[in-house]
């Protein structure tokens, strides 16, 4: 009987834990950057936030939500999106929800690419610390309207978050101030905002996908660019293809480094610091 009650207590504990984990969050944020900003703004308020896209991805143009994600979005009071066209794939779902678009007031730069691709503009706006500040501020204003009782907490948390973003910008400015080379070839067309933030120039951006690899002519053009500009490195994306970069490296001896789109993973701000360190190592 003693063992029976112990087992029963254990099972009740498990069931209670599962029930708690399955409780719908108040707010659903689409990707890592807006999830991180929203979570930090909501600290100390009791408002819960969940992230919809948790897979390792760098682009959402062919993405579709699974059942878990749809249910989480439908159950949430608010959905926070990055905006700038990134979440167009979930347009129908968003039409029925209260949405916070964090991209208000931010201009999406034109994507520099040599490959036909769905994107006309670079919607990866969070790769610029200045844009991240604006995104966080936009979310704060919208949260304060939705939950006015927590406005003071949102504002205090925003100031702490902006302080961290400003420190990130200052770190990047200092680390990348005296690079020997400020030109990049990237194997993803989503780094325009990162380049602009730290006064770098993207010579070419190639978007490689399965069945749509760089052509022989394009590889020849990229090899010529590497040699003409005496580039020390080319940059792949953490979740992207490396096939063209490998060919160019074999042909020219240029080194390959990896940048992070900071859309997925564990920490947007950690990924940004890592990107700055990677560029410093590659081009410094």
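The values are calculated or read from the model by the stated rules, or taken from the named source; none is laboratory data. On a predicted model such as this, the values are computed, not experimentally measured, just so you know. Here the Cβ is made from the backbone with ideal geometry for all residues, glycine too, and neighbour counts use every protein chain on show.
Details
- If you filter the range 73-105 down to residues that are assigned to a loop (DSSP other than H, G, I, E, B) and surrounded by fewer than 21 Cβ atoms within 10 Å (Cβ to Cβ), you find that the one that is nearest to the chain's Cα centre (by Cα) is 85.
- Looking across the range 31-47, the residues that are out of contact with any helix residue (DSSP H, G or I) (no Cβ under 8 Å at 6 or more places or on another chain) and either within 16 Å of residue 269 (Cα to Cα) or surrounded by 15 or more Cβ atoms within 10 Å (Cβ to Cβ) (or both) come down to 31, 35, 39.
- Condition check for residue 66: more than 22 Å from residue 126 (Cα to Cα) and within 20 Å of the chain's Cα centre (by Cα): yes
- Qualifying position, being surrounded by fewer than 22 Cβ atoms within 10 Å (Cβ to Cβ) and either in contact (Cβ under 8 Å) with a residue 24 or more places away in the chain or in the same structural domain as residue 100 (by TED's automatic domain parsing) (or both), among 169, 224: 169
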